[in-house]
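Structure record follows, encoded as C-alpha cells.
The values are calculated or read from the model by the stated rules, or taken from the named source; none is laboratory data. Computed from a predicted structure; not experimentally measured. Neighbour counts run over all protein chains shown; Cβ positions are idealised from the backbone, glycine included.
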Amino acid sequence: MPGEAGSIDPVPDLIRIGFAGKAHGVRGGFYVEGAIDPQALAPGLEVLIGDRRFCVVSRQGADARPIVSLEGVGDRDTATELRGLAIFAERGALTPLAEGEWYASDLEGMSVSTAAASGLASLGRVSRLVNLPSVDVLEVESSDHNAVIQIPLVSDAIVGVDLESGVITVDAEFLGLDIPADSVEGGDQSSGE
C-alpha cells in the first residue's frame, strides 16, 4: 500500500473529493460532506485525509450524502477526529469527467476575462468554486482586489475554459457587467462607442 514505510510515492495529482462529516454509528463510519464523485467512493479507493492515507472499506448511504468506512478507523471517536478535514483522492482513481466538466482545483487561480466585440477585459482570478443549491458559481476576486464577483457556471455565462492557458472567458453582457472601455485589451478602441 502506498505510504507504507520504505515505499517511495511520486507526488500524485490529488483532487479534493469532499470533507469528513459527522460520525455514523459506533464502528468508525462517517458521512462524506460535499462529495463530488460518490461513485468513486468504492471499496479499495485510497484517500488522503490530513497527512494520513486510508483505504475505503465500505460505502453506504445516498449519493448526496455517502457514508464510508475506512481501514484503520474502527470506532466513533477516531471518525470524529477526522470531522471537517478534506478528503483527497488521486485524479486517475476518479470517474472520468465529461466534456465541459472540471474539478474545482483546476479552475481555482485561473484568470477570468470577458468576451466582448471590443476585445477582452480582465475581471480577476478565481478564488474558489462555491456549490450553491441551484448552481455552482465561481468566486472571482477582482483585479483591483476591491470586489468579489460571483459567476454562475452555466453555458450562457461561460464562453470558454482553456485549462492550458489558464483563462476562463465569460459573457459580460449576459452577466450584466459594465466593462469600462479603458480596461479592454485588443479589439477596436478607436471607434468612439
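Filtering the stretch 29-44 down to residues that are part of a strand (DSSP E or B) and at pLDDT 95 or above, which residue is farthest from Arg65 (Cα to Cα)?
Gly29
So is Val68 farther than 20 Å from Leu97 by Cα, surrounded by 21 or more Cβ atoms within 10 Å (Cβ to Cβ) and aliphatic (A, V, I, L, M) or not?
Yes; evaluated as a whole, the condition is true for this residue.
Looking at (1) surrounded by 14 or more Cβ atoms within 10 Å (Cβ to Cβ); (2) within 20 Å of the chain's Cα centre (by Cα), which one does Val130 not meet, given that it meets all the others?
With (1) surrounded by 14 or more Cβ atoms within 10 Å (Cβ to Cβ); (2) within 20 Å of the chain's Cα centre (by Cα) applied to Val130, the lone miss is (1).
Residue-wise test of (1) among the aliphatic types (A, V, I, L, M); (2) on the phi < 0 side of the Ramachandran plot; (3) in contact with a Leu (Cβ under 8 Å, 6 or more places away or on another chain); (4) not assigned by TED's automatic domain parsing to the domain that holds Glu33.
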residue	(1), (2), (3), (4)
Cys55	no, yes, yes, no
Gly61	no, no, no, no
Glu71	no, yes, no, no
Arg76	no, yes, no, no
Thr80	no, yes, no, no
Ile87	yes, yes, yes, no
Glu99	no, yes, no, yes
Val112	yes, yes, yes, yes
Ala121	yes, yes, no, yes
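Scan Arg65, Arg91, Arg59 and give me the residue that is at pLDDT below 95 and under 11 Å from Val32 (Cβ atoms).
Exactly one residue qualifies, and that residue is Arg65.
Can Val47 be described as part of a strand (DSSP E or B), within 27 Å of Asp162 (Cα to Cα) and at pLDDT 90 or above?
So Val47 does not fit the description; no.
Only strands (runs of 3 or more DSSP E) wholly contained in the stretch 99-176 count here; list those with 3 or more residues that are of a type in the set (Gly, Ala, Ser).
It comes to 111-116, 119-131.
I'd like the full set of residues that are modelled with pLDDT of 90 or more, surrounded by fewer than 18 Cβ atoms within 10 Å (Cβ to Cβ) and not in a strand (DSSP E or B), limited to the stretch 9-28.
Matches in the stretch 9-28: Gly25, Val26, Arg27.
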